[in-house]
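Data block below; observations after.
The values are calculated or read from the model by the stated rules, or taken from the named source; none is laboratory data. Note that the coordinates shown come from a computational prediction; the quantities given were computed from them, not determined experimentally. Because the Cβ atoms are built from the backbone with ideal geometry, glycine has one as well, and the counts that use them run over all protein chains shown.
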Amino acid sequence: MKPENLRTKIFLDSGDPAETKETMAFLGFLDGQTTNPSLIAKNPETAGKKFTREELLGFYRGVVEEVSRVIPEGSVSIEVYADKHTSAEEMLRQGREMFAWIPNAHIKYPTTREGLKAAQQSVKEGMRVNMTLVFSQQQAAAVYAATRGAKRGNVFLSPFIGRLDDRGENGMDLIENILKMYQKGDGHVEVLTASVRNLHHLLAAVQLGSDILTSPLKVLREWAQAGLPAREDFYKPEALTPILYEELNLEQDWTAFDISHELTDVGVERFSADWNALLS
Ligand code: G3P
């Protein structure tokens with residue numbers, strides 16, 4: 001059962017419904033699940049197989065439908081296909097289609113210029129979105145500004161902390177900075193800590209008050225085995241360079257922010273390559 005004092009929503013990061021069921025069995029609850037093209041490529045049922053575009057989309061749909069049946073009260077994030085040439089219109093077309101797959105979808109768009117345009121239109125149409133591949137406070141400010149007016153619960157922001165750690169920056173600082181910046185806002189964007197690699201990340205996200213976190217099954221299992229603690233008093237990754245807080249004005253237009261980040265570009269490239277590798 002979910003501990004009563006736990007305010008952070010706990011999501012599973014996986015493209016495999018078998019893992020959703022397994023997590024429900026050992027954890028007893030899940031508030032949602034996030035998927036992405038790389039996680040679909042890791043689903044054991046895709047191993048060694050090639051698909052046509054329609055078949056692969058049909059497979060992805062089957063995965064999220066099954067996840068949605070297991071956690072009907074939760075949120076299930078579905079990611080559009082995007083490479084560096086994909087236009088906002090094309091992302092939006094996919095987003096609308098995917099949003100109709102299940103009743104509890106959030107549509108993931110990359111936090112790029114085209115992705116933000118697609119998100120802006122999506123929230124106007126009442127769709128729920130999850131802005132992914134976030135690596136900077138400026139990107140978080142742009143997401144806030146582009147989705148202004150959306151209902152709380154309809155916009156998630158996914159900073160990828162593990163990938164910042166990988167290159168020597170303290171990803172958890174970014175979570176802290178964004179939460180601090182959003183305190184000055186109207187609360188319409190929820191911070192979803194993503195790219196969680198270990199129990200320290202999970203507990204630090206809870207302790208900082210991240211609205212949501214998404215974690216691989218392995219880390220959720222470790223957490224369950226530790227008795228579902230909700231504090232991390234010892235997370236001081238001294239080997240990592242701190243990320244400093246920036247004073248930003250959330251009232252500006254989203255185009256005023258510097259949304260470029262090389263890890264976002266690398267992330268888009270990796271997601272599209274993993275997806276394309278499944279195509280015949
Ligand atoms: O939640 C985002 C996640 O799937 C990416 O994780 O470990 O590839 O950085 P990772």
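Some notes on this structure:
- Restricting the range 192-207 to residues that are within 13 Å of the ligand (Cβ to nearest atom) and surrounded by 20 or more Cβ atoms within 10 Å (Cβ to Cβ), the residue that is nearest to residue 241 (Cα to Cα): 201
- Selection status of residue 93, more than 19 Å from residue 254 (Cα to Cα), more than 16 Å from the ligand (Cβ to nearest atom) and surrounded by fewer than 16 Cβ atoms within 10 Å (Cβ to Cβ): yes
- Residue selected from the range 18-36 under the condition in a helix (DSSP H, G or I) and within 16 Å of the ligand (Cβ to nearest atom), by the criterion farthest from residue 275 (Cα to Cα): 23
- Pick from the range 65-88, criterion touching a helix residue (DSSP H, G or I) at 6+ places or on another chain (Cβ under 8 Å) and part of a helix (DSSP H, G or I), ranking: surrounded by the most Cβ atoms within 10 Å (Cβ to Cβ): 67
- Checked against (1) in a loop (DSSP other than H, G, I, E, B); (2) surrounded by fewer than 22 Cβ atoms within 10 Å (Cβ to Cβ), residue 54 meets all criteria but (1).
- Test: residue in the range 252-275 that is charged (D, E, K, R), part of a loop (DSSP other than H, G, I, E, B) and surrounded by 14 or more Cβ atoms within 10 Å (Cβ to Cβ): no
- Search result, residues across the range 150-169 that are out of contact with any helix residue (DSSP H, G or I) (no Cβ under 7 Å at 6 or more places or on another chain) and farther than 27 Å from residue 219 by Cα: 151, 152
- One residue alone among 162, 171, 115 is at pLDDT 95 or above, under 24 Å from residue 268 (Cβ atoms), surrounded by fewer than 20 Cβ atoms within 10 Å (Cβ to Cβ) and within 18 Å of the chain's Cα centre (by Cα), and that residue is 162.
- Total residues in the range 144-166, condition farther than 19 Å from residue 259 by Cβ and within 13 Å of the ligand (Cβ to nearest atom): 3
- Answer from 246, 176, 232 - the residue that is at pLDDT below 95 and more than 16 Å from the ligand (Cβ to nearest atom): 232
- Per this entry, residue 41 is counted among residues that are in contact with an Asp or Glu (Cβ under 8 Å, 6 or more places away or on another chain), modelled with pLDDT of 95 or more and part of a helix (DSSP H, G or I).
- Residue list for the range 54-92, restricted to those being within 19 Å of residue 270 (Cβ to Cβ), out of contact with any strand residue (DSSP E or B) (no Cβ under 8 Å at 6 or more places or on another chain) and of a type in the set (S, T, N, Q): 86
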